[in-house]
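Undergrad: For reference, the structure I am asking about is given below.
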Amino acid sequence: MSIEQVFLSSKLTISAFFSVWIVLWLPIAIPLAIVLKWHPTQTPTMQQKLPLVISLYAIAPFVLWGFAYLQQQPFLVYGFSWNLHILGSILGGIGIAILGLFILYGLLKTWGWLVWDSEQIPSLMAALLPTLGVALWISTTEELIFRGFLLNQLQRDYSLAIAAIIASVIFAVLHLVWDGKEALPQIPGLWLLGMVLVLARWLDGGSLGLAIGLHAGWVWGIASLDTAEILHYPESNLAWITGNGKPLAGVFGILLLLTTGAVIWAIAAE
């Protein structure tokens with residue numbers, strides 16, 4: 001089968017992309033897994049997961065560029081280009097995401113469903129800068145793949161709505177690779193997260209800026225709090241409401257996503 005025939009089908013193109021990505025990663029991943037004493041049948045610890053994810057995501061932009069080149073398209077077709085507009089959208093998205101998390105955790109604290117450990121505030125301050133860098137990198141990479149490349153390919157065969165649903169399902173299910181059964185309660189929330197980020201790209205005129213900002217803001221806020229170990233959940237807390245440190249597994253996390261979608265829609269409509 002020729003390259004031209006592969007690119008005639010979005011399914012073949014998507015399959016080829018993920019296959020090439022994994023094949024290129026394996027020569028790095030296998031030695032890393034041995035050093036880290038990790039087996040694919042195991043759920044990796046954070047110490048194991050971070051080097052593996054970093055090595056995997058470091059390859060992604062090159063694979064994306066290669067596929068854009070083979071399809072004779074500019075890289076910006078995925079919705080990313082360096083300009084003031086995308087910078088403003090990223091900053092705006094981070095602001096909306098952090099404000100939403102602040103309100104979410106503030107309400108949970110007010111109603112007695114979590115406790116802030118004020119002694120860990122210095123640890124939180126120390127974690128903010130490094131986690132921001134990681135959050136921006138991970139979010140930019142994931143948005144390029146799932147709301148950029150994947151969504152573009154699916155739209156060749158489906159409407160935007162159907163393409164968004166499929167891309168969001170793939171985005172959610174792939175979290176099982178890293179988090180195993182622990183990710184199962186978050187699958188509906190992860191799917192909804194993907195849908196909100198598709199909406200963000202659509203409202204931003206096809207640019208990934210707002211989606212990257214929202215994604216990065218959520219990852220930054222949650223990762224910083226987790227690193228500092230500043231939040232604690234009482235035993236009487238209802239996990240299906242709060243998520244117990246995994247907001248997307250709880251009702252409040254779902255409400256946060258729905259509210260964020262409504263907010264960015266309202267802002268775009270002004």
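Only the coordinates and a few stated rules stand behind these numbers; no lab work does. Just so we're clear, the structure is a prediction, and the values are computed from it rather than from any experiment. Positions of Cβ are backbone-derived with ideal geometry, glycine not excepted, and every protein chain shown enters the neighbour counts.
Undergrad: If you average the alpha carbon positions of region 201-246 and of region 130-158, how far apart do those two centres end up, in angstrom?
TA: Using only Cα atoms, the two centres lie 17 Å from each other.
Undergrad: Quick one: Karplus J couplings for region 213-227, per residue in order, coefficients 6.51, -1.76, 1.60, θ = phi - 60°, nearest Hz, x for Gly and Pro?
TA: Couplings: x, 4, 4, 5, x, 5, 4, 4, x, 5, 5, 5, 5, 5, 4 Hz.
Undergrad: Where does each of Leu128, Leu192 land when they are ranked from fewest to most other beta-carbon atoms within 10 angstrom?
TA: Leu128, Leu192
Undergrad: How large is ³J(HN,Hα), in whole Hz, for each residue of region 15-24 in order, when computed from phi with the Karplus curve 6.51 cos²θ - 1.76 cosθ + 1.60 and θ = phi - 60°, using x for Gly and Pro?
TA: Listing the rounded values in order: 4, 5, 4, 5, 5, 4, 4, 5, 4, 5 Hz.
Undergrad: What is the sum of charges around Ser168, taking Lys and Arg as +1, Asp and Glu as -1, for the other residues whose C-beta is under 14 Å from the C-beta of Ser168?
TA: Residues close to Ser168 contribute a combined charge of 0.
Undergrad: Here's something else I'd like to know. Given an 8 Å cut-off on Cα distances and at least 6 residues of separation, report the relative contact order of the chain as a percent.
TA: 26 percent
Undergrad: For region 195-208, what does the Karplus curve 6.51 cos²θ - 1.76 cosθ + 1.60, with θ = phi - 60°, yield as ³J(HN,Hα) per residue in whole Hz, taken in order and with x for Gly and Pro?
TA: Result, ordered by residue: 5, 5, 6, 5, 4, 4, 5, 4, 5, 8, x, x, 7, 8 Hz.
Undergrad: Separate question: With an 8 Å cut-off on Cα pairs and a minimum separation of 6 or more residues, tell me the relative contact order of region 1-104 in percent.
TA: 23 percent
Undergrad: Given charges of +1 on the Cβ of Lys and Arg and -1 on the Cβ of Asp and Glu, with all other atoms neutral, how large is the dipole of the chain about its Cα centre, in debye to the nearest 20?
TA: 380 debye
Undergrad: Which one is right for this structure if Cα extents along the principal axes in Å is calculated from it: (i) 50, 43, 40; (ii) 61, 53, 32; (iii) 56, 40, 38?
TA: (ii)
Undergrad: If the cut-off is 19 Å between C-alpha atoms, which aspartates and glutamates fall inside it for Lys109, apart from same-chain ones fewer than 8 positions away?
TA: Straight-line reach from Lys109, under 19 Å: Asp117, Glu119, Asp226, Glu229, Glu235.
Undergrad: Fewest to most neighbouring Cβ within 10 Å: what's the order for Met125, Met195, Met46?
TA: By the 10 Å Cβ count, ascending: Met46, Met125, Met195.
Undergrad: Let me ask something else about it. List the lysines whose Cα sits under 18 Å from the Cα of Lys49, skipping any in the same chain fewer than 8 residues away.
TA: Lys37, Lys181, Lys246
Undergrad: By how many degrees, 0 to 90 and rounded to 10, does the Cα axis of helix 121-142 deviate from the longest principal axis of the chain?
TA: The angle comes out near 20 degrees.
Undergrad: Using the number of other C-beta atoms within 10 angstrom as an exposure proxy, rank Asp157, Asp226 with the fewest first.
TA: The most exposed by this proxy come first: Asp157, Asp226.
Undergrad: Against the longest alpha carbon principal axis of the chain, how many degrees, from 0 to 90 and to the nearest 10, is the axis of helix 160-173 turned?
TA: 60 degrees
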